[in-house]
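Step one of this worksheet: look at the structure below.
The values are calculated or read from the model by the stated rules, or taken from the named source; none is laboratory data. The model shown is predicted, which means the values in this text are computed figures rather than measured ones. Positions of Cβ are backbone-derived with ideal geometry, glycine not excepted, and every protein chain shown enters the neighbour counts.
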Amino acid sequence: MKSAFRPTRLVSRLLAAGALFAAVSAGATSVSFTALGQQQTFQWAAANVDGANLAATVSFTLSAWSTNTATFSVLMNNSTLVANPGTNRMVSFGISVVTPDLIGVTDNSPTWNTGINANIPGGFGKVDFCAWGGVSCTGGSNGGISEGQSTSFNVTMSFAQAVQNQSITFT
C-alpha cells in the first residue's frame, strides 16, 4: 500500500449543472477482502457544490477468485434527493491503490467500462482502478446514473501475483 485511505483516495465523479467535480468518500484507512461473500460499501455525501449534492454508494462483494484473479459484484446507487432531478449524475469512480498489483480488469456491463492506471482530474490524479459510465474515467457529459437510479455489474481483476485465499486491499 502506498498510503492510508483518505477522503481523496476513493473518488467519485459526477456531472452537476454542467460542471464536473469530485465528491469523495469518508472512511477507514483501507479495506481488505479475505473471503468469498465479503462486502465493503463506500459512501459519498458531497456538500452543495455549484448546486449539486451527491449521495451515492458503491458496494463491492468478492464473488469468486482463482489463482491470479478476483471477481467482484459491484452495486452502485445514486440516492441523491433533490428538487430538480437530473443534475447529480455519478459518472465515474476510482480506487487509488489496489494491492496486490492490479494488471488488468474486465467487466460484463453494457453501459459501464472499467480500466486500470487511469487519471481522474481535479487534483486526484492516477487511480489503479476506475469505472465509468461516461466518455472515460475523467467523466464526460453522457452516461452514469442519475438520482434514484442504481446499476450493477461484475468486474474481474487480474493481479501480478496469487490472490486466492489471500488478501486484496483497496486504499
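What the table shows:
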{"quantity": "Subset of segment 99-115 (residues that are buried (at least 20 other Cβ atoms within 10 Å of the Cβ), out of contact with any Asp or Glu (no Cβ under 6 Å at 6 or more places or on another chain) and under 11 Å from D128 (Cα atoms))", "calculated": "V105"}
{"quantity": "Complete set of residues in segment 129-151 that are on the phi > 0 side of the Ramachandran plot and either part of a loop (DSSP other than H, G, I, E, B) or among the polar types (S, T, N, Q) (or both)", "calculated": "G140, G143, G144, G148"}
{"quantity": "Of all residues making up segment 101-128, the number that are touching a residue at least 40 places away in the same chain (Cβ under 8 Å) and either closer than 17 Å to A70 by Cα or not in a strand (DSSP E or B) (or both)", "calculated": "16"}
{"quantity": "Boolean, A131 is modelled with pLDDT of 90 or more and either within 18 Å of S63 (Cβ to Cβ) or touching a helix residue (DSSP H, G or I) at 6+ places or on another chain (Cβ under 9 Å) (or both)", "calculated": "yes"}
